[in-house]
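Here's the structure, in structure tokens; my notes come after.
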Amino acid sequence: MSHSQASDKLMVELRDLNKWYGEFHVLKNINLEVKQGEKIVICGPSGSGKSTMIRCINHLEEHQKGDIVVSGIPLNEDIKNIEAIRKEVGMVFQHFNLFPHLTVLENCVLAPIWVKKMPRKEAEAQAMELLERVKIPDQALKYPGQLSGGQQQRVAIARSLCMNPDVMLFDEPTSALDPEMIKEVLDVMIELATEGMTMLCVTHEMGFAKTVADRVIFMDGGQIVEENEPHEFFNNPQHERTQLFLSQILQH
Amino acid sequence: MSSDISNSGHNPEGGPAKPKAPPQNKPKFWNDPKKRSLLFQVLLLSALGFVFYSIIDNTLTNLEQRGITTGFDFLTEEAGFGIAMSLVPYTEASSYGMTFIVGLMNTILIALMGIFAATILGFLLGVARLSDNWLISKASTIYIETFRNIPLLLQIFFWYYAVLRTLPHPRQSMEFFGTFLNNRGFIVPAPVAEDGFGLVLFGFFVALIGSWLISRWSKKRQELTGQQFPVFWVSLGLIVGIPLVLFMLSGMPLGLDHPELKGFNFKGGITVIPELIALWFALSIYTAAFIAETVRAGILAVSHGQTEAATALGMSKAKTLRFIVIPQALRVVIPPLTSQYLNLTKNSSLATAIGYPDLVNVFAGTTLNQTGQAIEVIAMTMAVYLTLSLLTSTFMNWYNSRIQLTER
Ligand SMILES: Nc1ncnc2c1ncn2[C@@H]1O[C@H](COP(=O)(O)OP(=O)(O)O)[C@@H](O)[C@H]1O
Ligand SMILES: [Mg+2]
């Protein structure tokens, strides 16, 4: 759908990425290039390493072998590089992880003020603008515990966007939500996609994948098994494991 | 349901049926659960009342036989005994009332000193135990497990008899920069204010107010421009700098009363008695181990997702700790911290064991022995601990409710 948005600049590069948890080889030779403006949907059975892979991108998890380059910055031992990468990469979690002791607005301005050294006034104005975009400006002074799951996840998206990231990572953003709230979150994500954000989404919302994804990636056993544009991926899956997985997912 | 059953007993239409159900009118009053529990409470209360009455009556009779009159008149009588350490002027000619004041102040002093040191040490140890650094975390674990599990009294004895009493005599004192350490305590020069020292104090207060204004200004400026100002360092500079400059300009109007060895002991200066040092070390080190555990539990209670979210937003470890982890951990830590403070205050009465002149040692000890006014003295002493505890919990509850409010 939005294929034309992708430019040639590489935002995320994973080369021969390998990771172990002790003896357990969780990521095996992952290779992935994401261009600016591309939207990637990652799916696969539970435990296949989807979360681990995207968490390596902003160094929430350490990888043992291979290279990661984000927005031209190599992710290495240099703490400065790690900090720089985290400023470019926003992340949305399955369980929102909002700060319960801070209001919605404070959740949104904390990092801009203390990490980006933005004036509070400016940070608040920007936060209100983004809360407007996720359609909850009226909740700004409430605490996360007073919001529904769908609202909380939209705040979490706004909070990430407040850092003006170049890349957004989503780790199953709707799987902890009640069915009636999934749509409001997906709508926000679709809007973000049409505005040209580079996105990597771990999700099993196949409707979302068909609407916005430039590519769908299927992972199993710590490997990328199949990678294709959505139409081909859903209608003509090449691998047996992909076919099995899709048949299980699409049954519902 | 039960009303149906009991009604059936009174059923007027039941007729004179032969196989009459056993009479179910009101149960005997000792079978009625409500009355029964009331009865037990009354019995218990009267028993308690009787016990207290007999104790008091017995004591009063005993006192009377020994010719001791009850009442608080003894407080104005001359005490006639010396006290090793006093924060207010006290001599043997002072009254028993003064022994109460001296003991009370010594108790408050050791409690405040202990709470201050134990809190800092405890927080550091609690955070250290969770450190990624193997050595730091193991060292902290060993500290906590050791000091938590050795009886406090033993620790007090250790610091007092094994460490401080084995120091050299005054004549062979260890000297560091004009201070002396020996088995009579730690002797430091006493500051003596001379003309013009008021100016220095004035400068100090001006600096305090200045720092407060600066912190407000910098917050405003941050809101407008985003620039951050090193408030802490500038304030520190002011608070130290201004009084220091004034001090120099006014010709250093502060004399020092240097301790001097006269005969077998030191004259002049301030002597921190070894009993205070030993008790302070023992109470702080012991309580810090418990505080460390509550701090650790508090930090662990903050979910891992919180740290991850902060990290993903680019916040450093220190900022994550300051803005995310500690504020949430505090809500869990405050209630058990309060009870550690209360424990420390109550444990300070172990002072008696090494002769630190706290309230229990001076007032409930010597004064009671000399006057025999057991009831009054014990009642006053108990009232003090009760009041101190209530004050502490009230303050901590207030603080707790303040930080809880930010949640919702
Ligand atoms: N901290 C960890 N320690 C050990 N094993 C882990 C850890 N985190 C995840 N794993 C394992 O790594 C595998 C991949 O996990 P994950 O990336 O969360 O899978 P997915 O997100 O695809 O469900 C799983 O088998 C999981 O049990
Ligand atoms: Mg996962």
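We did not get these values from a lab; they are worked out from the coordinates using the rules stated. Computed from a predicted model, the values in this text were never measured in an experiment. Quick reminder, even Gly has a Cβ in these numbers, built from the backbone with ideal geometry, and neighbours come from all protein chains shown.
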Is at least one residue of region B:304-317 farther than 20 Å from A:C56 by Cα and either more than 10 Å from chain A (Cβ to nearest Cβ) or under 32 Å from the mean Cα position of the chain (by Cα) (or both)?
no
Of residues in region A:162-186 being more than 14 Å from ligand 2 (Cβ to nearest atom) and among the aliphatic types (A, V, I, L, M), the one farthest from A:L246 (Cα to Cα)
A:M163
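For (1) within 14 Å of chain B (Cβ to nearest Cβ); (2) within 15 Å of ligand 1 (Cβ to nearest atom); (3) part of a helix (DSSP H, G or I); (4) under 15 Å from the mean Cα position of the chain (by Cα), each residue gets a yes or a no:
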| residue | (1), (2), (3), (4) |
| --- | --- |
| A:L177 | no, no, no, no |
| A:E180 | no, no, yes, no |
| A:K183 | no, no, yes, no |
| A:L186 | no, no, yes, yes |
| A:L192 | no, no, yes, yes |
| A:C201 | no, yes, no, yes |
| A:H204 | no, yes, no, yes |
| A:G207 | no, no, yes, no |
| A:K210 | no, no, yes, no |
Subset of region A:216-240 (residues that are away from ligand 1 (no atom under 16 Å from the Cβ), in contact with an Asp or Glu (Cβ under 6 Å, 6 or more places away or on another chain) and touching a residue at least 40 places away in the same chain (Cβ under 8 Å))
none
Of all residues in region A:43-80, which are away from ligand 1 (no atom under 13 Å from the Cβ), within 12 Å of chain B (Cβ to nearest Cβ) and under 24 Å from A:P173 (Cβ atoms)?
A:N58, A:H59
Does B:V362 satisfy the criteria of being over 15 Å from the mean Cα position of the chain (by Cα) and not polar (S, T, N, Q)?
yes
Of all the residues that make up region A:81-100, how many are at the interface with chain B (Cβ under 8 Å from one of its Cβ atoms) and within 16 Å of ligand 1 (Cβ to nearest atom)?
4
Looking for whichever is buried (at least 19 other Cβ atoms within 10 Å of the Cβ) and touching a Pro at 6+ places or on another chain (Cβ under 8 Å) here; the options are A:E205, A:E226. Which one fits?
A:E226
Across region A:131-144, the tally of residues that are within 14 Å of chain B (Cβ to nearest Cβ) and under 23 Å from the mean Cα position of the chain (by Cα) stands at 1
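Among the listed residues A:L27, A:L10, which satisfies the condition of being within 14 Å of ligand 1 (Cβ to nearest atom), within 20 Å of the chain's Cα centre (by Cα) and more than 14 Å from chain B (Cβ to nearest Cβ)?
Working: A:L10 fails: within 14 Å of ligand 1 (Cβ to nearest atom).
The conditions single out A:L27.
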Those residues of region B:166-200 which are over 25 Å from B:G263 (Cβ atoms) and assigned to a helix (DSSP H, G or I), in sequence order:
B:F197, B:G198, B:L199, B:V200
In region A:140-159, is there at least one residue being assigned to a loop (DSSP other than H, G, I, E, B) and either surrounded by 21 or more Cβ atoms within 10 Å (Cβ to Cβ) or within 16 Å of ligand 1 (Cβ to nearest atom) (or both)?
no
Filter result (of a type in the set (V, I, T) and either part of a loop (DSSP other than H, G, I, E, B) or facing another protein chain (nearest Cβ under 8 Å) (or both)) within region A:101-123:
A:T103, A:I113, A:V115
For A:M189, state whether it is among the hydrophobic types (A, V, I, L, M, F, W, C), surrounded by fewer than 21 Cβ atoms within 10 Å (Cβ to Cβ), within 23 Å of A:T103 (Cα to Cα) and more than 16 Å from ligand 2 (Cβ to nearest atom).
no
Please find, among B:F81, B:F40, B:F72, B:F50, the residue that is surrounded by fewer than 14 Cβ atoms within 10 Å (Cβ to Cβ) and in contact with an Asp or Glu (Cβ under 7 Å, 6 or more places away or on another chain).
B:F72
Would region A:87-108 turn up any residue that is crowded, with 17+ Cβ neighbours inside 10 Å, touching a residue at least 60 places away in the same chain (Cβ under 8 Å) and hydroxyl-bearing (S, T, Y)?
no
Just one listed residue, out of B:G365, B:G355, B:G372, is small (G, A, S) and more than 26 Å from B:W159 (Cα to Cα), and it is B:G372
Residue ID - farthest from ligand 2 (Cβ to nearest atom), chosen from residues in region A:36-67 that are in a loop (DSSP other than H, G, I, E, B) and of a type in the set (G, A, S):
A:G37
Find the residue count for region B:310-367, including only residues that are surrounded by fewer than 18 Cβ atoms within 10 Å (Cβ to Cβ) and either on the phi > 0 side of the Ramachandran plot or assigned to a loop (DSSP other than H, G, I, E, B) (or both).
2
Over 20 Å from the mean Cα position of the chain (by Cα) and away from chain A (no Cβ under 14 Å): which single residue out of B:Q370, B:Q328, B:Q340 fits that description?
B:Q370
